[in-house]
Amino acid sequence: MKKILSFVAATVVCIAMTAQTFVDTTIQLRNAVIEEFTGVQCQYCSDGHKIVNEIIAANPGRVVAINIHTGGYATMYTTQYGDAIANQSGVSGYPSGTVNRHRFSGSSATALNRGEFESSANIIMSQSSEVNVAAKAHVNLIARTIEIDVEAYYTGNSRKDTNYLNVAIIQDNILGPQVGAETWYPEMMVGSQYRHNHMLRDLITGQWGEAIDTTTAGTFVSRHYFYQIPEKISNVEMKAKDLRVVVFMCESHQEILSGCEAKMSYYGLYSDPMTVSSEDCAVEFIPQFVIHNSTNERAADVTINYSYSGEANTYVYPDTIAPFSTDTISLPAYAPATNPQTNASYYVSGAMASYIRVLNATEYDTTIDNTYQTDTIRIDTAYTYDTVFRCIDTLGGHSDTTLYHSRSNREMRNYRNRVNDPRYICDTLNVDTTMSFTYFDSTYIIVSDTTIDTFDVRLYTTGSAASKIGLMNVYTVQGPLAMDLIVDKYSTETSVDFYRQRDCSVLFESDTIPDDLNRNPMHVYYHFDPDSAGLYILNVYDSYGDGNGGFRLYAGDGSIVLTNNGKFGNVVTYYLNVTNNGTGHMDGIETAAGNASFSLYPNPVRNELSIDCAETIRSLEVMDVTGRVVISQATAQPTVNTTSLPAGIYIMRVITDGGASVQKFVKE
């Protein structure tokens, strides 16, 4: 008879466990628990994050960080717990935080400014702790659950008869806004977004923790918690593989005695974000997925759904991924068209869609387990599969079926007793692979009277969220090409190169422009000479990774090909489909708009230069032959005083509603 199985999972379950031994029972120093009060609209909060991360890096395993988004600057990422924690600290500004919720000498509250985090943490970490805390957390990426084992051991008497055990869920790698991050913590910027780490998402033990009523020396505490991971909290996705568990013991609602991060283990199959590889100058791209199999079963038929610029495809990995191992899956190469009639953008998007866990009798052992469901066999490592016997209690009023395994001497003794007992009816069973199911980390097979030759269980599981990567933007242009690049005072960080794609020949590499800490942003002009029609590659680099002041690229007909605001990180690459032979230049400095839309007179000039322009002038600049701006005017006046200029050749750049144009003139 087929049974319908139904399980009800509570969000949080706390169960007392028998004593374990992974917590240290000798006197240890306190660990620092830094709760930082922060918000996405806080200008200096990312600097607080940086300070805390530096403290963690300097003290491995000794510092725990919890970022709590609360207060007026926290317009997102808040929790139901943050305000109460912040309010009891006496917080008066942001960023701020507490170190072990301790009130340090000379302070009237536990809240500290970010400049006090390090010294306060050092004080805490120099003190002996009356209680040691340790934890292990097992994340099931398939079932989206976390099972947490916590242990505490009191090496001394607590000052309070009741302490409070707290278990928090924090999350890393949340991409979102953060005011001021580009200035104070640019290393955490991913494009235009900030990578938030240590973010408080939930408190399993509630606002103030679970009461521990025995707090004297020699007391051992053991707890087991089960947490069902919600899809979202406060409309922010809870990504299971980015979650971590923090545990700490409080004297009351304040003083934290010590804490730790749980040692994390994972069960399930998941992928890292998609990456794309290509050879230098190549326009063939190979998307790749690193797949982690954190299960004790082999993963087969791993399927990836992907799209090349909107054209949907499916790829099934032909190999299997061994238990507890990692494989890299490469999708078929993608070679976009390089000669479009108009500008074109190419991209790839993809995600692991599904896979199959394969359990085979020749590779896996089995045993009988009656804990969860009587007519089932759980897959584990106790026995080799042989025969399963069933005995039904017909006289005792029990409808449950008891199972016995022929490879277990203990079970077979019980079985023989049942065979000779008239209350029981016993028979032989085999597994029915069509009636399999999973419960937490274990796979169960419902037994039946069906005889089969092989034992092969296939369990379908959904995969990860999609990644999207822009591969190349192709701009169809006419040569020659000119760039107006704005550099800041750290100009040595910026460089430019220009390649012919078909043979990867370098046609242009910029010279280093010396830094000048007293210099305002400066315009630099470069000229590129495509020697034939075809595909060319333009790269703009910033070695520090914070971009530059931006740039414009002009085609030979004077049109603006593209603009960039300079917020590109380390490098930005453009592909240029040049439709003609675009050579030609002028004294190393070119007109960035082809046929100029204004004229200058007198030229040469002595004291005052007049501008004849049919459009309203919005602004203008005069540059010397090195590209340095020597005159800048935000004016519609059609004249420029050149009296102070030394004799030489200059370039005037005029900005109108129609764009930018340049002209050369000579100062006598």
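Accessible area per residue was computed with a 1.4 Å probe on protein heavy atoms; ARG618 scores about 130 Å².
I need the calculated FRET efficiency for the pair MET76 and ASP511, taking r as the beta carbon distance and R₀ as 41 Å, to the nearest 0.05. Provide the component values of the computation, followed by the final result.
On the way: r = 45 Å, r/R0 = 1.11.
In this case the efficiency is close to 0.35.
Amide H contacts of GLU615: none lie under 5 Å away among residues 5 or more positions distant or on a separate chain (H built 1.01 Å from N in the peptide plane; Pro and chain starts excluded). Spin-label pair ALA109-SER222: with each label point 7 Å from Cα along the Cα-Cβ axis, the two points sit 4.3 nm from one another.
Surface calculation, 1.4 Å probe, protein heavy atoms: ASP542 sits at approximately 0 Å² accessible. When you count the other C-beta atoms within 10 angstrom of each residue and take the mean per peptide, 474-481, 337-344, 270-277 line up highest first as 474-481, 270-277, 337-344. Dividing the mean sequence gap of close Cα pairs (under 8 Å, 6+ apart) by how many residues the range 187-300 holds gives a relative contact order of 14 percent.
Close amide H partners of TYR267, meaning residues 5 or more places away or on another chain with modelled amide H under 5 Å apart, are VAL139, ASN140, LEU141. With the simple spin-label model, which puts each label point 7 Å out from Cα in the Cβ direction, the ASP242 to GLN341 separation comes to 4.3 nm. Cross-linked pairs LYS241/LYS468; LYS241/LYS263; LYS50/LYS489; LYS239/LYS567: Cα-Cα separations exceed 22 Å for LYS50/LYS489; LYS239/LYS567. Were the residues from VAL290 through ASN518 laid out at 0.36 nm apart, the gain over their Cα-Cα distance would be 77.4 nm. Here the simple spin-label model places points 7 Å from the Cα toward Cβ, and for CYS504 and GLN254 these points are separated by 6.5 nm. Rounded to the nearest 0.05, the FRET efficiency derived from the C-beta distance between SER532 and ASN305 at R0 = 45 Å is 0.65. Close amide H partners of ASN67, meaning residues 5 or more places away or on another chain with modelled amide H under 5 Å apart, are GLU36, MET199, LEU200. Residue-wise HN-Hα couplings along the range 158-167, as the Karplus relation 6.51 cos²θ - 1.76 cosθ + 1.60 with θ = phi - 60° gives them from phi, are 6, 6, 10, 5, 10, 10, 10, 8, 10, 10 Hz; Gly and Pro carry x.
Of ARG244, ARG502, which has the most accessible area and how do the rest follow, probe 1.4 Å?
Working: ARG244 40, ARG502 155 Å².
So the residues, ranked largest to smallest area, are ARG502, ARG244.
Mean separation of Cα pairs under 8 Å and 6 or more residues apart, divided by the residue count, gives the range 79-199 a relative contact order of 14 percent.
Using r as the Cβ-Cβ distance of ASN313 and ASN580, and R0 as 51 Å, what FRET efficiency do you calculate, to the nearest 0.05? Numbers along the way, then the final one.
Numbers: r = 36 Å, r/R0 = 0.70.
Once rounded, the FRET efficiency stands at 0.90.
The values are calculated or read from the model by the stated rules, or taken from the named source; none is laboratory data. In this text, all values refer to a predicted model and were calculated from it rather than measured experimentally. Positions of Cβ are backbone-derived with ideal geometry, glycine not excepted, and every protein chain shown enters the neighbour counts. In case anyone asks, the SASA skips ligands and DNA or RNA and just uses the protein heavy atoms, side chains included. Shrake-Rupley method; radii C 1.70, N 1.55, O 1.52, S 1.80 Å.
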